Amino acid sequence: MNTAPTFEDDIVDQQFADAAAADRQTAVLSSQQWHGTPLQPFTIRRETLYFRLRALNDSLPIHLVRKHPESFLQEAIILLWLCLHTPEDWNPMRGNAALLMEQIESWADQHLTRADQMPAIELALQILSSADSTRAIPRPSDLQGEDLGN
């Protein structure tokens, strides 16, 4: 059974698009800071490097991190460092993950205290959540068994 789109479908489509646009705008415009220093946007370049470094550390899956946030500290440090620095800071070390991690951990030793641990974890999780709100995902289809795609 093939049903033609209706006016109501157009309204729902527009509401969906407007809500997605608002989420993207909020994520892009939100000015996150660490100790008064504005963070650089969590760009695709930062995200890919973050995931690469995270994989090298044999990190817990994100769904488990939410149950044990303290296990996310090293990833939070990586994420904060990336958002506080520019590609010019990390590009010379990009091919040497051990050297890059040493730089990140040295920065953490100098700039983070024990009292900073939970705020750093919370901010890093917030950054990841904001990044997820801008990720394109396929819209669920109302068609049952007849998927025409997006």
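The values are calculated or read from the model by the stated rules, or taken from the named source; none is laboratory data. On a predicted model such as this, the values are computed, not experimentally measured, just so you know. FYI the Cβ positions are ideal-geometry reconstructions off the backbone, even for glycines, and counts take in every protein chain you see. Surface areas here come from the heavy atoms of the whole protein model, side chains and all, with no ligands, DNA or RNA. Shrake-Rupley method; radii C 1.70, N 1.55, O 1.52, S 1.80 Å.
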| query | Which residue pairs have Cβ atoms under 7 Å apart, sit 6 or more places apart or on different chains, and have a first residue in segment 32-48 that is of a type in the set (Lys, Arg) and a second that is at pLDDT 95 or above and surrounded by fewer than 16 Cβ atoms within 10 Å (Cβ to Cβ)? | reply | 45/87
| request: Report, by residue number, each residue of segment 57-78 that is surrounded by 13 or more Cβ atoms within 10 Å (Cβ to Cβ) and part of a helix (DSSP H, G or I). | output: 62, 65, 69, 71, 72, 73, 74, 75, 76, 77, 78
| task | Scan (1) at pLDDT below 95; (2) among the aromatic types (Phe, Trp, Tyr); (3) surrounded by 14 or more Cβ atoms within 10 Å (Cβ to Cβ) for the single condition residue 51 breaks and write down its number. | result | (3)
| query | Condition test on residue 45, is it modelled with pLDDT of 90 or more and open to solvent by 50 Å² or more (accessible area, probe 1.4 Å)? | reply | yes
| said: Looking at segment 8-30, can you tell me whether even one residue there is at pLDDT 75 or above, assigned to a loop (DSSP other than H, G, I, E, B) and surrounded by 10 or more Cβ atoms within 10 Å (Cβ to Cβ)? | reply: no
